[in-house]
Structures are given as structure tokens and as C-alpha cells.
Amino acid sequence: MSVSLVSNAYLDDASSKIRSKPVPWEGYQRAGLVTPEDLALIKRIDRQSKAKTESLLLSDGQTYALLYLRLLKKLQGLDTMQYILVLIADALADHDERIPLFSRTSGSDPELPYSPLTRALDMQDEFMQLKSAQILTVLLCAEPRPLGPSQLHHFLGTLATMVQSHSPNKHDVGVQCLEALLARPECRQAVWAIPGIIAGLVEILKHKQGPQMCYQVAFCFWLLTFEQNIAEEINKKFDIIPLLTNVAQNAVKEKVIRVIVATFRNLVSKAPSANLPAMLVAQLLPYAKNLCGRKWTDDDIVEDVQYLRDELAANFQSLTTYDEYTSELASGHLSWSPVHESDDFWKENATKLNEKDYGQLKTLLQLLGESQDPLVLAVAVHDIGQYVKHYERGKKIINDLGAKRRVMELMSHSDSDVRYRALVSVQQLVSQPWITA
């Protein structure tokens, strides 16, 4: 693993410009910020050819690793700090064996190697932030022992702001850093504890990205879903199943589909009851059947697609129409599936909404109160009318739960179908007998 793992055209271009700028090292020595010994070491390597630099790092790598980090900790000038970060990244690029040279500097100063890099991360300069993130990712990923919260928390907080920013460069570098870090189980739990990161990744995917970014974000989700607790909760909290299904259906690159199918496999194998209903509502079964008929260059995807199809098919066979309805409710994605407009369904199942202290009815009312989607609102308000029509005490229950006002509000909604469905439901609420017993 090397710095090239996090590659970004802006960083490459800016680094090239920074390498060619002179740094006033003698001025730093005159000001007492750099010792004569430090200056002599810098002069040997400053703006030298790659061959000369490599030769010096081969013979004196530990000396230079410590020098770079000490200078980064001590000096304040932005241009100089940028230059030192470029020197560190250049030393590490394609040279994994040099990572321990930087890690071992903690023996000389316990604040090294991380404290100066974290300070650089906090600067309001985009290059400093992204370059230090690039270097920190390499050092953290190479740590032989599990990383503790103190090492991760600050960096992950910065990555959260990066993936939520409007800067394409911050998205790019932030996602690549996460891809690398999430290979470590302790990092998955630490990332999960910062909701802003997952929310940021979801938003990136929603804004029609190119295939490489779609792949990288989906890869992050794949790594996260190896953790049992995350597999159980991620769709409930972030609604990723319909989103990933949509991305896969629109993907032209096989690798994007492969990593999303592998993510679905994790979700099904680790937390079937939490995820299968939402997958069926997202129409993943017909999509999985379609994928099984395609030709693939990768054997892994064939196995994963067949597993997904078989698990979904088995679950689909055992679903009653009421299970379908509750799956749809649980997903929050109501649509005009046949059950909603079937009188037989409502005659048979209206009272089931009352079970477990009106659990399903309360879920329906929550969608009615919170959804911004006109389709969801139209179906939900229609279902309230059906419930009242087919359950004699429904009118009182809806009133007691405070939902009557919301149904009436929807009669003036901007969407014509929502207005119409709300009107029909209000008629049910007004016309049905009021039974209090």
C-alpha cells in the first residue's frame, strides 16, 4: 500500500508546482528556526534530481523522516509546510518499506508522526488538508496494532466534512481515504459512529456520479457491511438498498454492479430479516434474475448474483400479501402495488394494523406526517381511508392518534393526486359511523 493509493489530479498538479518553488531555508536559519545541522541536511536534498533524492533516502532515510516531521511541527509558513508535505509524500510514494521510518519517529518525540500532520489537516488551505489526509491514510493503514479512538476520531471528523463538502477534490480524496481505512474492522466501527460520513457518501451517490466514484462509494458500503451491527441498521437509517439498486441498474461498468451485488450479499447473509423486505420492495428479485442471465467476466459476481436471487426467491415464496404490505411500510417506499386498491385485502387485513399497539398503523401515520414524496403521501392517505372504511372503530382510532388533522391538511397539498386521495379519505372519516365501544 502506498501514497499512490490516494491519487488525485489536483494534488499531483499542485505538488509539481510546489516542488519548483524555492524555500528561504537560510532565512529560517538566521531566525533561529532551523539549526545549521538541519540546514546542511536540507541543502543536500532540496530540489535535487529524483535519483539523488532516492540515493539519500536509501542511505539516510530515518534521518530525513525525522527531519521532515520536526520541521513540519516547528515551522509556520504555508508555502514551506506545503513543500514539506510534498517531500514526505514523495519519500513514501511507491516505497512501502519507508513507512516504518516515519512511524518510528515517535521514539524521538511522542507527538510524531501524527501531531504535525493533524495540525496540517486543520489548516484552511485545501492543498494542506488533502495532502496531509493522503499521508495520514498511508501511515494509519500500515499501523501493526488496531487503531484507537484517539488516532482516528479527529481524522474521521475531517473526512466527514470532506465527503459532505461541495468540492469535487475533497469528495475524491475523502472517499479514497475511507476506502483504504475501512479495510480495518476497527475503522468500520469508528466510521459508523460518525453519521455524517455515511450521509455524505449517500449524497454523493444520489448526484449521478461517474463510474469510478460510484464504484469507490459502493466499495466503502461493501466494507462497512461486513460488520453485523452495521448490516442490521444501515438500510433502516440511510435507505441504501433502493439507492444502490438504482445505481446498479444504471451502471455500465461491470465492477460497479459487482461491488453492489457483493454489498447486497453481505446484507442478506448477515441480517436477512432487516434487509430482505426492503430488497423485495425495491424490485431486486426481477433484477437479480435478469443479472443471472448475463455473461460476466468475473466468476465471483456469478456466485453472488445466484445467491441473491435464490435468497430473495425463497423469501418471496413465503410472503403473504400482508407481509408484502408490511415490507413496503417498513421500507418507507409506498407505491401503487395491487394490495392498496384491493377491497379483499383491506376486508381481511385492516384490523392487523392494530396489532402490537397499533404498530403498523403508527408506521403508516409516520409516513403520512413526515414524507416529502407526493407518491408516498397519496398512497398513505388512501390507506387511511381504506382502514377507516373496513374497520368500524377506525375513525375513533385515527382521531385519537391525532391524524385526522393531517389528512385534512393534505386536501390543500400542491400535488393533485394527493389532494384527491385526501378528499376521498376525509369523506370516509366523515361518513363512517362513529363507534366508540
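The values are calculated or read from the model by the stated rules, or taken from the named source; none is laboratory data. If you're wondering where the values come from, they're calculated on a predicted model, not measured in any experiment. Note that each Cβ is placed from the backbone with ideal geometry, even for glycine, and that neighbours are counted across all protein chains shown. Quick note on the areas: whole protein, heavy atoms, side chains included, nothing else; ligands and nucleic acids left out. Shrake-Rupley method; radii C 1.70, N 1.55, O 1.52, S 1.80 Å.
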Residues that are over 22 Å from the mean Cα position of the chain (by Cα) and either among the small types (Gly, Ala, Ser) or surrounded by 15 or more Cβ atoms within 10 Å (Cβ to Cβ) (or both), drawn from the range 127-147: PHE127, MET128, LEU139, ALA142
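So is TYR322 at pLDDT 95 or above, among the hydroxyl-bearing types (Ser, Thr, Tyr) and under 30 Å from SER269 (Cβ atoms) or not?
So TYR322 does not fit the description; no.
Do you know which residues across the range 108-147 are in a loop (DSSP other than H, G, I, E, B) and not charged (D, E, K, R)?
Hits for the range 108-147 are SER108, PRO110, LEU112, PRO113, MET123, GLN124, ALA142, PRO144, PRO146, LEU147.
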Residues of the range 15-38 satisfying the condition of being open to solvent by less than 20 Å² (accessible area, probe 1.4 Å) and assigned to a helix (DSSP H, G or I): SER15, ILE18, TRP25, ASP38
SER337 being modelled with pLDDT under 95 and farther than 20 Å from LYS404 by Cβ: yes
Selection within the range 367-400 - open to solvent by 10 Å² or more (accessible area, probe 1.4 Å), within 19 Å of SER412 (Cα to Cα) and assigned to a helix (DSSP H, G or I): LEU367, GLY369, GLU370, PRO374, LEU375, HIS382
Flag for VAL256 being open to solvent by 30 Å² or more (accessible area, probe 1.4 Å), farther than 22 Å from GLY385 by Cβ and either of a type in the set (A, V, I, L, M) or in a helix (DSSP H, G or I) (or both): no
Single residue of the range 148-169 satisfying the filter (open to solvent by 50 Å² or more (accessible area, probe 1.4 Å) and in a helix (DSSP H, G or I)) that is farthest from ILE260 (Cα to Cα): SER150
Close pairs (6 angstrom Cβ cut-off, 6 or more residues apart or separate chains): within 28 Å of THR320 (Cα to Cα) in the range 281-304, open to solvent by 50 Å² or more (accessible area, probe 1.4 Å) and in a loop (DSSP other than H, G, I, E, B) anywhere: VAL281/HIS333
Pairs where the first residue, in the range 205-231, is within 16 Å of ARG265 (Cβ to Cβ) and the second is of a type in the set (Phe, Trp, Tyr) and assigned to a helix (DSSP H, G or I), C-beta under 6 Å, 6+ apart: ILE230/TRP192
Pick from the range 180-231, criterion assigned to a helix (DSSP H, G or I) and touching a Ser or Thr at 6+ places or on another chain (Cβ under 7 Å), ranking: nearest to PRO272 (Cα to Cα): ALA231
Tally of residues being modelled with pLDDT under 95 and closer than 16 Å to ARG188 by Cα across the range 143-174: 11
Selected residue (criterion: nearest to ARG145 (Cα to Cα)) from residues of the range 67-104 that are open to solvent by less than 70 Å² (accessible area, probe 1.4 Å) and among the polar types (S, T, N, Q): SER103
Residues being open to solvent by less than 30 Å² (accessible area, probe 1.4 Å), modelled with pLDDT under 95 and not aliphatic (A, V, I, L, M) - total across the range 259-278: 1
